[in-house]
1. From the backbone phi of the range 61-69, what are the Karplus-calculated ³J(HN,Hα) couplings (6.51 cos²θ - 1.76 cosθ + 1.60, θ = phi - 60°) in whole Hz, Gly and Pro given as x?
2. If amide H atoms are built 1.01 Å from N in the plane of the peptide, which residues on other chains or at least 5 residues away come under 5 Å of the amide H of residue 76?
3. When the chain is fully extended, how far beyond the present Cα-Cα distance does residue 40 get from residue 14, taking 0.36 nm per residue of separation?
4. Once label points are set 7 Å from the Cα along Cα→Cβ at both residue 2 and residue 91, what is their separation, rounded to one decimal in nm?
Amino acid sequence: MMRRQIVSLLLFLLCAVILFMGFNSISSSSSSSDLSRVEDSLRKGIIECYAIEGKYPESLDYLRENYGVYFDEESYQLHYRYLGANMMPELMVFEKGGK
């Protein structure tokens, strides 16, 4: 009887660990795709600005105000470096908190 309870408890713990690892994997995969989506959205806005105006935006604020590009400033940190009117700006997107 005692042996059966120990085996049941071990099986339960094993299932719980596997379930936890699965959720953790899904969470990290989702976080990575969100980061990619934010970067893609910003790049599309930058390219749209260049296509319409013939120059790249000098700042992300300009992009936000004139092209409706939005990103969650509490979740993401951006590096944007304007290199000139006819040179694609440097853009890097990081998730805050180092996740």
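Here, each number is a calculation from the coordinates, and none is a lab measurement. This structure is a prediction, so every number in the text was calculated from the model and none was measured. Virtual Cβ from ideal backbone geometry, glycine too; neighbours counted across all protein chains shown.
1. Using θ = phi - 60°, the values come out as 4, 4, 4, 5, 5, 9, 10, x, 6 Hz.
2. So residue 76 has HN proximity to 96.
3. Numbers: separation 26, 0.36 × 26 = 9.36 nm, distance 3.94 nm.
Working it through step by step, the gained length comes to 5.4 nm.
4. Result: 6.6 nm between the two label points.
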